[in-house]
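Asker: Provided herewith is a single structure, encoded as structure tokens, for subsequent inquiry.
The values are calculated or read from the model by the stated rules, or taken from the named source; none is laboratory data. Here the structure is a predicted model, which means the values were calculated and not measured. Heads up, the Cβs are rebuilt from the backbone with ideal geometry, glycines too, and the neighbour counts pull from every protein chain shown.
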Amino acid sequence: MERKRWIGVGRSDHPHAARAGAAAAACALEGRDAALVVVFSADTYDLHALVQGVRVEAGEVPLVGCSTAGEIATGGPGDSGVVILALGGEGFSIATAVAPEASRDLRAAGAAVAGAFDRVDERRHRALLLLADALAGDQQDVVRGAYGVLGAATPLVGGCAGDGLKMARTFQLHGDLVLDDAVVGAAIASDAPLGIGVRHGWKRVGEPMVVTESHANRVYRLDDRPALEVYLERLAAPVAMCDDPAAFTAFALTHPLGLARRTGEEQVRFVGEADLGDRSLGCVAEVPQGALVWLMEGDEGSVLDAADAACAAALEPLGGRVPQGLLVFGGVARRGVLGDEGIVREVRRVAGHAGGAPIAGFYGYGEIARTRGAAGFHNQALVVLAVA
Amino acid sequence: MGELELRPDRPGERTWSTHQLTEFLALVSGARDETHAMEVAVERAAEALDAEVGAIVVGSRVEVALGVPAPGATGSALETLVGARPGDRERVVLGPLGSGYSATVAIEGVRDGRMVLVRLGDEAFGGAEVSLLHGMARVLGLTLRLQRGIADERRQAEENARLLDSLRRREQLLQRLDAIQRSISDRTRLDETLAAIVDGAVEILGADEALLRLVDPHDPGSMMIVASTGIDDARLRGLRRAPVGELVGGRAIAAGKPVVAHADGDGLAFDDLETVVAVPVFEHGAVVGSIAVGARSRERFQDDDAELLVRFAGHASVALAAARAADAAHSTFHDPLTGLANRRLFLDRLDHALAGAERTGASVTVLFLDLDGFKLVNDSMGHLTGDRVLADVAARLKTSVRKGDTVARLGGDEFGILLGAGGLDKARRIAERVGSAVAEPFDLGGREVRLTASIGIAAGSSEAEDILRDADVAMYQAKSRAPGGYAVFEADMRMRLVEQMALRADLQRAVDRNELGVVFQPIVDLATEATVGLEALIRWSHSERGDVSPSVFVPLAERAGLIRPIGAFVLRESCERLREWREETGGDLAVHVNLSAHELHAGLAREVTAVLRATGIEAGSLVLEITETQLMQDTEATLARLAELRALGVRLAVDDFGTGYSSLRYLRRFPVDILKIAKPFVEDIDRSDGDERALARTIVDLAASMRLATIAEGIETQGELDRLRELGCGLGQGYLFSRPLDAHGVERRLRAERDRAAA
């Protein structure tokens, strides 16, 4: 039996899915028995084969994971690879759960996954790790469902899967299952502290706008004019850009909306697509009707400072202890602002805070971090879970 | 909202609050009912004001709460929320959640209704925030009043619909019961009548499923299912043979009166069912069974449903009593499992046919059929599965014969067919038809099982018992030639049978006197052609018959129960020889021993341990080979035994890989170390560059990705060797390297290799 607590991270970009899975798992496990394996993989792999490969090394251990729009590991960011985090040893009690066909009832899906805590021993610290599908609808509802079950005593942390910015189909992994439109979760109870930090580093630009018509994550009108028109006009962007969905997504990535909050940072909402027919904008989470929004922008400096601040906030509850490892969930828009070299710097900064401990994570389509208040879905932020 | 008074604490807050309220109104007024409206209100208020905990309290009752799960654990927190009065803005302690500041406002239009929020930490609610909360509570109050009006209207409409529905149901009920009564008086088969009863109950009650159970007359403590509808096979298996007193149906039997159970209060066995109603079925005043109907939605059942169900139960009673009389006669002459004629009726009909034949001078033809491998199915998958296979076989036999033929179950897995007309040619055609009908795969709840039947045919005009015995002898002959075929009785077959009995006795003697021998085929490293292992192969040199092929005596040994002592002998012999070769030549070798399915028994791990200990061979040098087909036959038990062996440190190889139903899935489940590529793949590899080579490559790649070693079997040419090297196959065996050798031959080979290496 393993005694000491440990976290291991492995990565591979072997072209053969099963081998990549096996190699990354072997590296993360180093022959130890894990209590949980977390897999972040490029969607270009045959994920069934990849999971089988992981199984060869890890056996029947609880497994959760998802596809990404870029992987994060100790050595830096990457695309088209797989990163695996394994943790085990003394003082963990972990159970996983999955809610398939989440879009039928996202709130129920969040609640169902939170139910994994029924199978976990009582420990001093706990957190629910959630991996979801942002393309399945308003992910704040997943947070609401989980919060409704767990309440204020249990922090929520995680992110939404990616698919390399194709915005077509993302995957969630649970055990041997490869699903889309699912929420997977791991209920983690631990003797040692778990810290969570979240920051985005975006800043308001110009005057606020009122959301005069919206439904869930679809914004129809801003300041009582078609939302798409107002959006493009404010950004001085040509309407023709909307003809190419990929170009629009790439552009919108660096121009999110910010929702006014009572205190602290605005809640950022990533604009995923535009509908030329009704001239509406599709966001990754709810933009409530009547809300006040700003256009947001970020530069490399502010976005990287946010990474530092998120790490510091996550490490704070550890009381000076060096973490066993960090789990990192980054909004894909950060890649748009930072560029390929910028994200190398971002991951290096996070690694600097880890004090030599391994880090694993991914860039995806939304981040989850609820430590205070009842809301907890973020966009374009960096969420850090520090495990002591 | 116009009169809403806002007292801004900070510039800009007015704008912020007004918009929050608009958003809040849109969401709360969209709620589907009162509870939902309250849930949305608390949730959105908490989100807007950064509060962790919220509640709607009416009087002393918490209608909805957010952020305080598990009421038992945080009872004190709920008490705090109930105690909050409108106007309170004070510091509160919420049990384990810690302390924070509360804000409480009254909900207009709801008597003694309050909305309470608590923000954990040190930040109290500001004036503008409380003002916003007032506005939200007012919106909620209006919405709730509106919702109540709608709910009243809905209730009235539902009441009207219920009355109509009730009339309609009564009419349908009468029609259904009438149809069932007719089928009883028409003497329709009991199973069909009972099926009509469960179908009718489901339709009239608007249920999703129904089960009719009877107490097992041979085991009055348990129930059996005699009719069902709406339940898939897998669940039906789970429900089969529950004890009386358990499940809702069993409780109705035990209580002798209707039982209604709900998922939340009564813990139904299947979570998708919300409500189950069961009523007892009586016969002559005693409870003999029950009908249970289940629905996935709670509203589905109405108050008078148990009463309706009692009517169906009454008809089931009548049907059972009517069938009982006819049944008594039937069971004397029929096999209860398959419904076929039993041995008694078969012999009776055969006698009758012989009497007729005597008059016309013709002969009577009988087929005797025995299932091959049935025992294995029965032993490994359980008697229930075995029974199901027998019932399936019976059904296939019935459809394979003509109307005038009699099919009977003679006992165990033996069946007889008495031909109504026609001679041996006809019998051969029927044997072929029956053989292929049985050979079709059996689907046992998703697991595919294949069986064959060996068939003996005999014709005659003498005694019924004699003809049946001749057909039995012919069957035995067919089975020993090759299972799955048929044979027509010939007079000398009896002789051959005797001969085979003699061979079996000889084999027994050979085992007792250690007359069996073992030879070894070298396994080589394909890169260097150096010997790395030896596969042990059994040989029998009979004093009179000469060498008897393993393909003849191994099946014989399996049938005669001799395979375990033979297996034990080969294992011990192999390990002892291995120790000698090592002492003589110092080589690092493994020995491979084949396991027959019959050897994979519970005591095998113990036997292996004993042999390893006695010979001093470490477990890692012993490889046990199992064929792919064996692996597939009974996964759970096989898996457990293989895991036991592996735990000893013994390595496992899959023999003849590629010839069975190979799949990545089962390879992952089984703890194997080595794949042996079957000879046909190796033969084809050099002849073509098409599918076969691709298949061999797939096997090698698959093995590599799962970190398994590969051994190619039956390598005979240099070309095959070259191709296998290209594919990356590591090990191989075959005549190209060496024929099987006796122990001295092996020693010579090893010495020669050692000397070559030293030179």
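Asker: Of these, B:Ala703, B:Ala696, B:Ala678, which one is in contact with a Gly (Cβ under 6 Å, 6 or more places away or on another chain), surrounded by 17 or more Cβ atoms within 10 Å (Cβ to Cβ), over 30 Å from B:Glu584 (Cβ atoms) and among the small types (Gly, Ala, Ser)?
Answerer: Details: B:Ala703 fails: in contact with a Gly (Cβ under 6 Å, 6 or more places away or on another chain); B:Ala696 fails: in contact with a Gly (Cβ under 6 Å, 6 or more places away or on another chain).
Of B:Ala703, B:Ala696, B:Ala678, the one residue that is in contact with a Gly (Cβ under 6 Å, 6 or more places away or on another chain), surrounded by 17 or more Cβ atoms within 10 Å (Cβ to Cβ), over 30 Å from B:Glu584 (Cβ atoms) and among the small types (Gly, Ala, Ser) is B:Ala678.
Asker: Can you name every residue in the stretch B:697-727 that is at positive phi and more than 14 Å from every other protein chain (Cβ to nearest Cβ)? So that I can check it myself, show each step before the final result.
Answerer: From the stretch B:697-727, those at positive phi are B:707, B:714; that's our starting set.
Result: B:Gly714, single match.
Asker: Continuing with this model, one more query. Is it fair to say A:Gly91 is in contact with a Cys (Cβ under 6 Å, 6 or more places away or on another chain) and touching a residue at least 60 places away in the same chain (Cβ under 8 Å)?
Answerer: Judged against the criteria, A:Gly91 is not a match.
Asker: Just checking, how many residues over the stretch A:213-268 are away from every other protein chain (no Cβ under 14 Å), among the acidic types (Asp, Glu) and touching a helix residue (DSSP H, G or I) at 6+ places or on another chain (Cβ under 7 Å)?
Answerer: Within the stretch A:213-268, residues that are away from every other protein chain (no Cβ under 14 Å), among the acidic types (Asp, Glu) and touching a helix residue (DSSP H, G or I) at 6+ places or on another chain (Cβ under 7 Å) number 0.
Asker: Looking only at residues that are part of a helix (DSSP H, G or I) and at the interface with another protein chain (Cβ under 8 Å from one of its Cβ atoms) in the stretch B:40-60, which one is surrounded by the fewest Cβ atoms within 10 Å (Cβ to Cβ)?
Answerer: Quick first cut of the stretch B:40-60, residues part of a helix (DSSP H, G or I) only: B:40-48.
Imposing the further condition that a residue be at the interface with another protein chain (Cβ under 8 Å from one of its Cβ atoms) reduces the set to B:43, B:46-48.
Details: B:Glu43: 21, B:Ala46: 24, B:Glu47: 25, B:Ala48: 26.
The qualifying residue surrounded by the fewest Cβ atoms within 10 Å (Cβ to Cβ) is B:Glu43.
Asker: Just wondering, is there one or more residues in the stretch B:461-473 that are farther than 29 Å from B:Arg359 by Cβ and without any contact (Cβ under 8 Å) to a residue 60 or more places away in the chain?
Answerer: No, every residue in the stretch B:461-473 fails to be farther than 29 Å from B:Arg359 by Cβ and without any contact (Cβ under 8 Å) to a residue 60 or more places away in the chain.
Asker: Which fully enclosed strands (runs of 3 or more DSSP E) of the stretch A:51-103 have 2 or more residues being surrounded by fewer than 24 Cβ atoms within 10 Å (Cβ to Cβ) and more than 17 Å from the chain's Cα centre (by Cα)? It would help to see each step written out before you state the result.
Answerer: Values: elements: A:63-68, A:71-73, A:76-78, A:82-88, A:92-99.
Where strands (runs of 3 or more DSSP E) fall fully within the stretch A:51-103 and carry at least 2 residues being surrounded by fewer than 24 Cβ atoms within 10 Å (Cβ to Cβ) and more than 17 Å from the chain's Cα centre (by Cα), they are A:92-99.
Asker: If the requirement is being in contact (Cβ under 8 Å) with a residue 12 or more places away in the chain and either hydroxyl-bearing (Ser, Thr, Tyr) or not in a strand (DSSP E or B) (or both), which of these qualifies: B:Glu544, B:Glu558? Let's see the steps before the verdict.
Answerer: Numbers: B:Glu544 fails: in contact (Cβ under 8 Å) with a residue 12 or more places away in the chain.
Only one candidate qualifies: B:Glu558.
Asker: Does B:Ile107 satisfy being more than 46 Å from the chain's Cα centre (by Cα), at pLDDT 75 or above and either within 9 Å of chain A (Cβ to nearest Cβ) or more than 15 Å from B:Leu132 (Cβ to Cβ) (or both)?
Answerer: On the way: more than 46 Å from the chain's Cα centre (by Cα): yes; at pLDDT 75 or above: yes; either within 9 Å of chain A (Cβ to nearest Cβ) or more than 15 Å from B:Leu132 (Cβ to Cβ) (or both): no.
No.
Asker: Which one is farthest from B:Arg668 (Cα to Cα) among residues in the stretch B:703-759 that are in contact with a Pro (Cβ under 8 Å, 6 or more places away or on another chain) and not aliphatic (A, V, I, L, M)? Step through it out loud before you land on a result.
Answerer: Here is the first cut: in the stretch B:703-759, the residues in contact with a Pro (Cβ under 8 Å, 6 or more places away or on another chain) are B:733, B:737-738, B:741, B:746, B:749.
Next, from what is left, pick out any that are not aliphatic (A, V, I, L, M): B:733, B:737-738, B:749.
Values: B:Gln733: 25, B:Phe737: 32, B:Ser738: 33, B:Arg749: 37 Å.
Checking each candidate, the answer is B:Arg749.
Asker: Just checking, does the stretch B:80-89 include any residue being small (Gly, Ala, Ser), out of contact with any Pro (no Cβ under 9 Å at 6 or more places or on another chain), assigned to a helix (DSSP H, G or I) and more than 20 Å from A:Arg372 (Cα to Cα)? Spell out the reasoning first.
Answerer: Residues of the stretch B:80-89 that are small (Gly, Ala, Ser), as a first pass: B:83-84, B:87.
After this cut, where a residue has to be out of contact with any Pro (no Cβ under 9 Å at 6 or more places or on another chain) as well, the list is B:83-84, B:87.
Then keep just the ones that are assigned to a helix (DSSP H, G or I); that gives B:83.
Pick out the ones that are also more than 20 Å from A:Arg372 (Cα to Cα) and you get B:83.
Yes, there is a match, as at least one residue in the stretch B:80-89 is small (Gly, Ala, Ser), out of contact with any Pro (no Cβ under 9 Å at 6 or more places or on another chain), assigned to a helix (DSSP H, G or I) and more than 20 Å from A:Arg372 (Cα to Cα).
Asker: Could you grab the pairs with beta carbons closer than 7 Å, sequence gap of 6+ or different chains, first residue in the stretch B:668-679 and farther than 16 Å from B:Glu713 by Cα, second one of a type in the set (Asp, Glu) and crowded, with 24+ Cβ neighbours inside 10 Å?
Answerer: Listed pairs, sorted by first residue: none to list.
Asker: Output the residue which, of all residues in the stretch A:125-160 that are in a loop (DSSP other than H, G, I, E, B) and in contact with an Asp or Glu (Cβ under 6 Å, 6 or more places away or on another chain), is farthest from the other protein chains (Cβ to nearest Cβ).
Answerer: To start, the set of residues in the stretch A:125-160 that are in a loop (DSSP other than H, G, I, E, B) comprises A:133, A:137-139, A:154-155.
Restricting the remaining residues to those that are in contact with an Asp or Glu (Cβ under 6 Å, 6 or more places away or on another chain) gives A:133, A:138.
Details: A:Asp133: 22, A:Asp138: 12 Å.
Per the stated criteria, the residue is A:Asp133.
Asker: Tell me, please, whether a residue that is in contact with a Lys or Arg (Cβ under 9 Å, 6 or more places away or on another chain), small (Gly, Ala, Ser), on the phi > 0 side of the Ramachandran plot and at pLDDT below 85 can be found in the stretch B:280-296.
Answerer: Checked the stretch B:280-296: no residue is in contact with a Lys or Arg (Cβ under 9 Å, 6 or more places away or on another chain), small (Gly, Ala, Ser), on the phi > 0 side of the Ramachandran plot and at pLDDT below 85.
Asker: While we're looking at this one, here's another question. Against the condition in contact (Cβ under 8 Å) with a residue 40 or more places away in the chain, acidic (Asp, Glu), touching a strand residue (DSSP E or B) at 6+ places or on another chain (Cβ under 8 Å) and more than 28 Å from A:Ala49 (Cα to Cα), how does A:Asp133 come out, does it pass?
Answerer: Values: in contact (Cβ under 8 Å) with a residue 40 or more places away in the chain: yes; acidic (Asp, Glu): yes; touching a strand residue (DSSP E or B) at 6+ places or on another chain (Cβ under 8 Å): yes; more than 28 Å from A:Ala49 (Cα to Cα): no.
Answer is no for this residue.
Asker: Continuing with the same structure: So, in the stretch A:174-233, of the ones that are in contact (Cβ under 8 Å) with a residue 40 or more places away in the chain and in a helix (DSSP H, G or I), which residue ends up farthest from A:Val387 (Cα to Cα)?
Answerer: A:Glu229
Asker: Within 30 Å of B:Glu753 (Cβ to Cβ) and free of Cβ contacts under 8 Å to residues at least 40 places away in the same chain: does that describe B:Arg481?
Answerer: no
Asker: Within the stretch B:432-439, is there a residue that is outside any loop (DSSP other than H, G, I, E, B), small (Gly, Ala, Ser) and crowded, with 20+ Cβ neighbours inside 10 Å? Please lay out each step first, then the result.
Answerer: Taking the stretch B:432-439 and keeping what is outside any loop (DSSP other than H, G, I, E, B), we get B:432-439.
Next, from what is left, pick out any that are small (Gly, Ala, Ser): B:435-437, B:439.
Applying the additional criterion that residues be crowded, with 20+ Cβ neighbours inside 10 Å yields none.
Within the stretch B:432-439, not a single residue is outside any loop (DSSP other than H, G, I, E, B), small (Gly, Ala, Ser) and crowded, with 20+ Cβ neighbours inside 10 Å.
Asker: Okay, moving on. Which one of these does B:Leu667 not meet: (1) in a helix (DSSP H, G or I); (2) at pLDDT 85 or above?
Answerer: So the condition that B:Leu667 fails would be (2).
Asker: Could I ask something else about it? Checking the structure you have, find out if any residue of the stretch B:401-408 is in contact (Cβ under 8 Å) with a residue 40 or more places away in the chain and farther than 20 Å from B:Ala478 by Cβ.
Answerer: Start the filter on the stretch B:401-408 by keeping residues that are in contact (Cβ under 8 Å) with a residue 40 or more places away in the chain, which leaves B:406-408.
Now narrow it down to the ones that are farther than 20 Å from B:Ala478 by Cβ: B:406.
Taking every residue of the stretch B:401-408 in turn, at least one turns out to be in contact (Cβ under 8 Å) with a residue 40 or more places away in the chain and farther than 20 Å from B:Ala478 by Cβ.
Asker: Any chance you could count how many residues in the stretch A:254-269 are at pLDDT 80 or above and in contact with a Phe, Trp or Tyr (Cβ under 9 Å, 6 or more places away or on another chain)? I'd like the intermediate steps shown before the answer.
Answerer: Taking the stretch A:254-269 and keeping what is at pLDDT 80 or above, we get A:254-259, A:267-269.
From the residues that got through so far, the ones that are in contact with a Phe, Trp or Tyr (Cβ under 9 Å, 6 or more places away or on another chain) too are A:255-259, A:267-268.
Here the count works out to 7.
Asker: Another question, if that's okay. Going residue by residue through the stretch A:125-134, is there one that turns out to be more than 30 Å from A:Ser12 (Cβ to Cβ) and under 18 Å from the mean Cα position of the chain (by Cα)? Even if it seems obvious, please write down each step before you answer.
Answerer: Our first condition is that a residue be more than 30 Å from A:Ser12 (Cβ to Cβ); within the stretch A:125-134, this holds for A:125-126.
Filter once more, keeping what is under 18 Å from the mean Cα position of the chain (by Cα): none.
No, that holds for no residue.
Asker: For the stretch B:569-627, which positions are hydrophobic (A, V, I, L, M, F, W, C), under 29 Å from the mean Cα position of the chain (by Cα) and in a loop (DSSP other than H, G, I, E, B)? Steps first, answer last, please.
Answerer: Narrowing the stretch B:569-627 to residues hydrophobic (A, V, I, L, M, F, W, C): B:569-571, B:575, B:578, B:581, B:589-591, B:593, B:595, B:597, B:600, B:602, B:604-605, B:608, B:610-612, B:614, B:617, B:619, B:622-624, B:626.
Checking the rest, the ones that are also under 29 Å from the mean Cα position of the chain (by Cα) come to B:595, B:597, B:600, B:602, B:604-605, B:624, B:626.
If the condition is that a residue be hydrophobic (A, V, I, L, M, F, W, C), under 29 Å from the mean Cα position of the chain (by Cα) and in a loop (DSSP other than H, G, I, E, B), then B:Leu595, B:Leu600, B:Ala602 are the ones that fit.
Asker: Follow-up. Among the residues of the stretch A:238-281, write down those that are crowded, with 21+ Cβ neighbours inside 10 Å and aliphatic (A, V, I, L, M).
Answerer: A:Ala252, A:Leu257, A:Leu259, A:Val268, A:Val271, A:Ala274, A:Leu281
Asker: Still on this structure: State which residue is farthest from B:Leu27 (Cα to Cα) when the search covers only the stretch A:279-309 and only residues that are part of a strand (DSSP E or B) and within 14 Å of chain B (Cβ to nearest Cβ). Give the derivation first.
Answerer: So the first thing to find is which residues in the stretch A:279-309 are part of a strand (DSSP E or B), and the list is A:280-283, A:292-297.
From the residues that got through so far, the ones that are within 14 Å of chain B (Cβ to nearest Cβ) too are A:292-294.
Working: A:Leu292: 16, A:Val293: 18, A:Trp294: 22 Å.
Among those that are part of a strand (DSSP E or B) and within 14 Å of chain B (Cβ to nearest Cβ), it is A:Trp294.
Asker: Mind checking which residues of the stretch A:163-205 are surrounded by fewer than 20 Cβ atoms within 10 Å (Cβ to Cβ), among the hydrophobic types (A, V, I, L, M, F, W, C) and within 28 Å of A:Gly373 (Cβ to Cβ)?
Answerer: A:Ala192, A:Val205
Asker: Can you pull out the strands (runs of 3 or more DSSP E) entirely within the stretch B:201-265 that have at least 3 residues that are under 19 Å from B:Asp305 (Cβ atoms) and more than 21 Å from the chain's Cα centre (by Cα)? Outline the logic, then answer.
Answerer: Values: elements: B:209-216, B:219-229, B:259-262.
Qualifying strands (runs of 3 or more DSSP E): B:209-216, B:259-262.
Asker: Another question, if that's okay. Just to be sure, is B:Ala453 at pLDDT below 90, surrounded by 15 or more Cβ atoms within 10 Å (Cβ to Cβ) and closer than 20 Å to B:Asp335 by Cα? Walk me through how you get there before you give the answer.
Answerer: On the way: at pLDDT below 90: no; surrounded by 15 or more Cβ atoms within 10 Å (Cβ to Cβ): yes; closer than 20 Å to B:Asp335 by Cα: yes.
For B:Ala453, the condition - at pLDDT below 90, surrounded by 15 or more Cβ atoms within 10 Å (Cβ to Cβ) and closer than 20 Å to B:Asp335 by Cα - is not met.
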